[in-house]
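Undergrad: A single structure is presented below for examination.
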Amino acid sequence: YAPTYLFGPRRPWRVYCWCVLYIGVLLSSLVLLRDGDDGRSWVFLALLSTFATDTGAYAVGRLLGRHKMAPRISPKKTWEGAVGGYVAGVAGCFALDRAFDLGVSTATLLPLALALPVFAQTGDLFESWMKRKMEVKDASGLLPGHGGFMDRLDSVLFVAPLVYLFVRLRLS
C-alpha cells in the first residue's frame, strides 16, 4: 500500500473538513444541552428517544417492511419501518419526559415529540447518502457489522440541535 492509504482511501481535504465541521458542530449541541438546567436528563431524553426511533424502525422494518423508502440511498429502509420508528420515538419522548420528571406539559412537549423521530430518521438517511456519495460501505471498521461509530451517531447528530433549541426556546 502506498503511504496515502495508511489512514483510509484518498479523499479531498474538503471532505475531511466537512466531516469535522459536520460532526463537531452538531455534536457540540449535546455539550450545550448538558450544561443547561436538567441538562443530563435532556441529554438522556435526546439519546434514548433517538435510540427508540432507530430500534422501532429496525424492528418494524424487519417484521413488516415491504415498501422500500430510498433504495438507492439505504436499500434496507422501508416505509413500514419509518412509521414504526416514528411511533416508538414519539412514545419514547413522552415516556422519558415522565421518567426524568422534567415537568414539561404534554402540549409543550408535543412539537418536540413529533419532530424528534423525523430528525432522527433524516440524520440516518443523510449519513447513508454521504457514504454512498463517498463510495464507502461503512464509516469505519471499529464496530463490525454496524457500519462504524457514525452509523450509531448519525441520528443523534440531527436530534441534539433540535432538543437543544427546544430547551432554549422553552426556557426563554
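Undergrad: Which of (1) loosely packed, with under 14 Cβ neighbours inside 10 Å; (2) modelled with pLDDT of 95 or more; (3) more than 15 Å from the chain's Cα centre (by Cα) does G141 not meet, given it meets every other one?
TA: (2)
Undergrad: Just to be sure I understand, how many residues within the range 70-84 are of a type in the set (A, V, I, L, M, F, W, C), closer than 18 Å to K133 by Cβ and in contact with a strand residue (DSSP E or B) (Cβ under 7 Å, 6 or more places away or on another chain)?
TA: Of the residues in the range 70-84, 1 are of a type in the set (A, V, I, L, M, F, W, C), closer than 18 Å to K133 by Cβ and in contact with a strand residue (DSSP E or B) (Cβ under 7 Å, 6 or more places away or on another chain).
Undergrad: When the range 30-42 is examined, which residues are found to be in a helix (DSSP H, G or I) and in contact (Cβ under 8 Å) with a residue 40 or more places away in the chain?
TA: Listed by number, the residues that qualify are L30, L32, L33, S41, W42.
Undergrad: Here is a list: L96, L27, L109. Which entry is in a helix (DSSP H, G or I) and open to solvent by 40 Å² or more (accessible area, probe 1.4 Å)?
TA: Result of the check over L96, L27, L109: L27.
Undergrad: Is at least one residue of the range 6-14 assigned to a helix (DSSP H, G or I) and open to solvent by 30 Å² or more (accessible area, probe 1.4 Å)?
TA: Yes, because at least one residue in the range 6-14 is assigned to a helix (DSSP H, G or I) and open to solvent by 30 Å² or more (accessible area, probe 1.4 Å).
Undergrad: Further, regarding this structure: Of T78, T53, which residue is among the polar types (S, T, N, Q), in contact (Cβ under 8 Å) with a residue 24 or more places away in the chain and either open to solvent by less than 70 Å² (accessible area, probe 1.4 Å) or within 16 Å of V167 (Cβ to Cβ) (or both)?
TA: Answer to the selection: T53.
The values are calculated or read from the model by the stated rules, or taken from the named source; none is laboratory data. This one's a predicted model, so the numbers in the text were calculated from it and none came from an experiment. For neighbour counting, all protein chains shown are included, and Cβ atoms are generated from backbone atoms with ideal geometry for every residue, glycine included. The area values use the complete protein model at the heavy-atom level, side chains included, leaving out ligands, DNA and RNA. Shrake-Rupley method; radii C 1.70, N 1.55, O 1.52, S 1.80 Å.
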